[in-house]
Amino acid sequence: MASRFPFASLHRWLSPNPSARRIPTRRRLRLEYLEAREVPSVTLNHITDTQIFSDRPLFIPVTPSNTPDGPVSVMTTTGNANLLAQTVTGGRSVRFDVTGTDANGNAFSGSITIRLFEDEAPLATANIVTLVQDHYYDGKLFHRVIPQFIIQGGSPNGDGVGGSTLVSDVSDEFNTAYTFASRGIVAMANAMDDNNNAQFFITDPSVDINTRPNYLNFNHTIVGIMTSGFDVYQKIINTQTSGTTPTHPVTITSATLFTDTVNNVIELMPQAGFSGSANIQVSATDGVGAPALDTFTLNAATYTVNDAAFLGPVANQTVTAGKSVTFSLPFTNPEAGDTITFGVGTPASATAAADISNAPASVTVSINQATGQVTLTPVTGFTGSVDLLLGVWDNQVRRGNSLTDEYDTQKITLSVTAGPTATTTMLATSLSSIGLGRSVLLTATVAGPAKPAGTVQFFDGATPLSTVTVVDGRALFFATPTVIGTSVFQAKFTPADGTQSASDSTVQNVTVTAASTAPIAITATGSAAGSPPSVVVKDGSGTTLFTLTPFDLSFTGGVRVAVGDVNNDGQDDVVTVPAFGGVPEIKAFDGRTGAQILDVAVFENTFHGGLYVDVGDVLGKGYSQILVGAGKTGGPRVTLFDAVQNKPALNYFAYDSTLRGGVTVDVADLRAGGQNQIVTGAGAGGGPVVALWNGYPAPVINGQTPVKFGQFFGGDPTNTAGIRTGEGTLKSDGRRDILVGPMEPDTSILNLTFDPYALGVFVG
């Protein structure tokens with residue numbers, strides 16, 4: 001296996017795994033001693049003349065001394081328009097206190113300080129910060145020492161193998177401005193790409209620029225630069241070794257994280273046209289005494305190493321089975337003239353070096369070698385996840401014959417999810433022909449292997465009518481055409497998430513003819529108890545159309561009324577029931593003429609407790625059914641009567657059949673599906689229990705009992721006076737709240753509001 005270094009052994013020295021690559025008396029005269037005072041001063045350690053590559057930045061540590069101690073700031077001028085300078089800001093520092101034995105066998109101790117490049121390598125420096133704060137480095141060895149090259153430390157057992165469980169391995173972080181061209185560079189040791197953990201190395205600051213290890217560029221993440229302790233470093237690097245292992249242990253006794261306000265780092269940046277030399281002046285001041293000055297010369301040098309291309313971070317990818325995902329590789333090619341090649345493969349193992357030539361079996365790969373755009377297509381039938389290696393290879397810096405070492409790679413996971421469940425949407429209309437101004441019920445039924453969740457949008461041609469939530473596989477809407485001719489209705493289902501597909505219904509045509517008479521909007525008011533049985537019917541302007549006498553004049557128990565189209569002729573009708581004392585009969589009257597259209601007994605004639613009534617399309621028929629509940633003294637019996645079919649559709653006890661306080665009833669769209677549900681309130685003797693019953697679909701038990709889908713207390717559970725229910729105003733989400741009030745006196749004032757779907761838990 002070819003190495004990234006001129007010699008394979010050099011990489012093994014940098015690898016976490018040696019087997020891998022890489023104070024009151026009377027007043028009198030007296031003598032008084034003056035306090036000794038320091039004269040404020042800042043001094044600078046001289047920076048020797050050095051070289052700088054004409055095409056890349058150079059970082060130089062500035063090490064002032066300050067008396068007394070205090071913050072020091074640094075400014076730099078270059079005297080050359082083509083050479084810019086700035087002081088590096090930000091980044092905390094780490095001080096390693098070290099003990100060891102020097103080349104002469106003498107024990108030494110001291111410290112080395114490094115400035116972290118936290119902005120440029122946030123992942124790797126975050127690892128170092130965590131490890132320092134957790135005292136991981138305390139007691140660790142500099143286990144590899146190679147004169148004129150590096151010192152390396154941070155191995156958990158001092159043998160150069162592995163990292164710390166306190167942190168996770170992090171990806172490589174490369175930046176073309178940060179290279180090994182500067183002295184005393186601190187970088188992460190790794191065994192393979194994206195394997196940065198705890199081990200680090202520091203390059204020898206004493207070597208000439210041309211012998212600094214620039215062949216390590218973009219193979220190891222640079223995390224900082226040494227700013228002080230150069231004498232201690234030389235004692236370490238010159239200690240006696242056996243091979244690369246110090247004969248006497250060189251130990252990090254402690255590591256401390258701090259903000260260094262004295263030592264500084266300057267960055268010198270050559271611009272296009274820089275050549276020759278430049279005189280650099282460094283000024284250091286603490287803001288009190290005179291500034292300290294230092295001058296040195298920079299000579300331009302030619303960079304001769306061909307840097308390899310590298311990849312930036314790549315996000316994990318997700319694709320649906322049968323589909324493809326396309327993304328671009330974020331690559332950097334430092335040498336613009338180099339030809340680069342992209343590849344996609346799979347890891348040979350969880351710990352092995354990247355093998356870009358190991359093609360994935362479950363994914364077809366297409367790469368645009370000109371742009372770095374990658375398209376991944378899962379093979380037919382494959383779902384799950386697969387690890388992939390994305391790589392870029394710089395052909396001009398290839399060493400040896402193996403492709404493995406030449407790629408800079410990024411590992412990602414491709415997740416292949418099953419495709420959405422197919423759905424079908426069918427549309428039905430309650431009528432095929434209607435007069436202008438009349439409404440037609442549109443019923444969309446959405447089917448699929450799983451219960452559909454989403455919305456249906458109804459259209460008349462290209463005109464959107466309404467968007468309705470799918471409930472129990474259906475969505476309903478009453479459409480009222482405004483133009484004579486043919487209305488072309490269609491329903492389009494949109495799923496709530498990606499687990500199901502969208503689907504459109506076929507169109508349904510409804511013929512719209514000229515209406516012989518337009519429907520009249522009406523209201524009806526029944527007489528109160530103690531008065532003769534009358535009902536006043538008015539139109540929308542408040543004009544009385546007619547007055548009804550639904551029951552015998554001798555009956556004074558009061559009349560309860562409801563309005564709705566119960567005979568499916570497009571005109572709302574008036575439905576009446578006795579409030580108390582009369583026989584349990586329903587009478588309905590035509591809303592236009594007042595003619596009686598229905599007279600039916602629903603309970604035994606011997607029952608005189610009266611009825612509660614509401615109307616609404618509970619069954620999804622396109623017209624209203626009549627919902628009645630037994631009044632006081634009756635059992636909690638509920639009947640839904642279909643006047644068109646002339647028979648009860650539902651007939652059941654909403655609560656314990658032995659109770660004799662009656663049951664109040666209401667019809668309301670609680671679920672925003674365009675279809676109504678039944679709401680019941682327990683009468684006197686029972687707790688204030690509100691029960692919710694499905695309308696459609698209307699699965700029934702024993703023929704005529706619907707399924708209860710919710711129940712809650714509509715007040716103090718200990719109050720057994722009975723409650724009356726009603727529906728609240730329409731909410732923005734299409735649902736209605738439930739209104740609750742006392743059952744007696746017989747009044748329409750309901751003073752409590754409940755959102756059944758915000759209650760969280762229904763009670764039994």
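Out of (1) assigned to a strand (DSSP E or B); (2) in contact with a Phe, Trp or Tyr (Cβ under 8 Å, 6 or more places away or on another chain), what's the single condition that is false for Lys632?
(1)
Report, ordered by the first and then the second residue, all pairs with beta carbons closer than 9 Å, sequence separation of six or more or different chains, a first member in the range 544-557 that is on the phi < 0 side of the Ramachandran plot, and a second member that is basic (Lys, Arg).
Going by the 9 Å Cβ cut-off, the qualifying pairs are Thr544/Lys538; Leu545/Lys538; Leu545/Arg592; Leu548/Lys587; Pro550/Lys587; Phe551/Lys587.
Based on what the data block shows, is Phe458 of a type in the set (Phe, Trp, Tyr), assigned to a strand (DSSP E or B) and open to solvent by 50 Å² or more (accessible area, probe 1.4 Å)?
On the way: of a type in the set (Phe, Trp, Tyr): yes; assigned to a strand (DSSP E or B): yes; open to solvent by 50 Å² or more (accessible area, probe 1.4 Å): no.
It is false that Phe458 is of a type in the set (Phe, Trp, Tyr), assigned to a strand (DSSP E or B) and open to solvent by 50 Å² or more (accessible area, probe 1.4 Å).
State all residues of the range 544-554 that are open to solvent by 30 Å² or more (accessible area, probe 1.4 Å) and under 17 Å from Gly610 (Cβ atoms); if no residue qualifies, say none.
Asp552, Ser554
Restricting attention to the range 710-721, which residues are open to solvent by 10 Å² or more (accessible area, probe 1.4 Å) and of a type in the set (Gly, Ala, Ser)?
Gly715, Ala721
Tally the residues that are among the polar types (S, T, N, Q) and open to solvent by less than 20 Å² (accessible area, probe 1.4 Å), restricting the search to the range 597-623.
Residues that pass the stated criteria total 0.
Return the total of residues in the range 293-322 being open to solvent by 20 Å² or more (accessible area, probe 1.4 Å) and either farther than 30 Å from Val416 by Cβ or modelled with pLDDT under 90 (or both).
14
Just to be sure before I move on: is Ser171 on the phi < 0 side of the Ramachandran plot, of a type in the set (S, T, N, Q) and open to solvent by 10 Å² or more (accessible area, probe 1.4 Å) in the structure I sent? Lay out the reasoning, then the answer.
Values: on the phi < 0 side of the Ramachandran plot: yes; of a type in the set (S, T, N, Q): yes; open to solvent by 10 Å² or more (accessible area, probe 1.4 Å): yes.
So Ser171 passes the test.
Residues are listed down the side, and each one gets a yes or a no for (1) modelled with pLDDT of 90 or more; (2) surrounded by 22 or more Cβ atoms within 10 Å (Cβ to Cβ); (3) in contact with a strand residue (DSSP E or B) (Cβ under 6 Å, 6 or more places away or on another chain):
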position	(1), (2), (3)
Asp642	yes, no, yes
Lys647	yes, no, no
Ala654	yes, yes, yes
Ser657	yes, no, no
Arg671	no, yes, yes
Gly674	no, yes, yes
Val679	yes, yes, yes
Gly683	yes, yes, yes
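What single numbered condition from (1) in a strand (DSSP E or B); (2) within 34 Å of the chain's Cα centre (by Cα) fails to hold for Ser254?
(2)
Can you tell me which residues in the range 427-453 are touching a strand residue (DSSP E or B) at 6+ places or on another chain (Cβ under 8 Å), of a type in the set (Gly, Ala, Ser) and either surrounded by fewer than 17 Cβ atoms within 10 Å (Cβ to Cβ) or at pLDDT 95 or above (or both)?
In the first step, residues of the range 427-453 are kept if they are touching a strand residue (DSSP E or B) at 6+ places or on another chain (Cβ under 8 Å); the result is 427-436, 439-450, 452-453.
If we keep only those that are of a type in the set (Gly, Ala, Ser) too, we end up with 428, 430, 432-433, 435, 439, 444, 447-448, 450, 453.
Hits for the range 427-453 are Ala428, Ser432, Ser433, Ala444, Ala447, Ala450, Ala453.
Could you list all residues from the range 169-185 that are touching a Leu at 6+ places or on another chain (Cβ under 8 Å) and under 15 Å from Ile150 (Cα atoms)?
Kept after step one, since they are touching a Leu at 6+ places or on another chain (Cβ under 8 Å), are these residues of the range 169-185: 170-171, 173, 180-182.
Result: Phe180, Ala181, Ser182.
How many of the residues in the range 257-277 are modelled with pLDDT of 95 or more and assigned to a strand (DSSP E or B)?
Total satisfying the criteria: 9.
Taking the condition aliphatic (A, V, I, L, M) and either in a loop (DSSP other than H, G, I, E, B) or open to solvent by 20 Å² or more (accessible area, probe 1.4 Å) (or both), does Ala187 pass?
On the way: aliphatic (A, V, I, L, M): yes; either in a loop (DSSP other than H, G, I, E, B) or open to solvent by 20 Å² or more (accessible area, probe 1.4 Å) (or both): no.
Judged against the criteria, Ala187 is not a match.
The values are calculated or read from the model by the stated rules, or taken from the named source; none is laboratory data. Predicted model only: the values in this text are computed from it and were never measured. Using ideal geometry, Cβ is built from the backbone for each residue, glycine included, and neighbour counts are taken over all protein chains shown. Just the protein is used for accessible areas: all its heavy atoms, side chains included, with ligands, DNA and RNA removed. Shrake-Rupley method; radii C 1.70, N 1.55, O 1.52, S 1.80 Å.
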